[in-house]
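Shown next, in structure tokens, is the structure this report addresses.
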Amino acid sequence: PREYDILHSIAMGHTVRQTARLLDIAAKTVENTQARLFLKLGARNRAGAIAAAHVLGLLDPAHITPAGRPTPGGKASKLIY
């Protein structure tokens, strides 16, 4: 579940710090989880991880909101499923 949350956050364009704040975890935890995700997905970076996740059907583009854009409720975007 944590890897899925972080994958979604990456897909929304959040930085490591933003992801850590959203999930209320340490930035180092985000970095470590990202590294495991990259290995599992065969990716070298965040863009590669997102591309691999889309190919594998792990991400639904309809549920990803770009970082920084307001949601209909007027609040900053958070993890949306």
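If you go through region 48-63 and keep only what is part of a helix (DSSP H, G or I) and surrounded by 13 or more Cβ atoms within 10 Å (Cβ to Cβ), you end up with GLY48, ALA49, ILE50, ALA51, ALA52, ALA53, HIS54.
Considering the conditions (1) in contact with an Asp or Glu (Cβ under 6 Å, 6 or more places away or on another chain); (2) aliphatic (A, V, I, L, M); (3) loosely packed, with under 13 Cβ neighbours inside 10 Å, LEU37 is excluded by exactly one of them, (3).
Helices (runs of 4 or more DSSP H) fully within region 1-47 that include at least 1 residues being farther than 16 Å from LEU58 by Cα and modelled with pLDDT of 95 or more: 16-23, 27-41.
The values are calculated or read from the model by the stated rules, or taken from the named source; none is laboratory data. The structure displayed is predicted, hence computed values, not measured ones. Every residue, glycine as well, gets a Cβ built from its backbone with ideal geometry; the counts of neighbours run over all protein chains shown.
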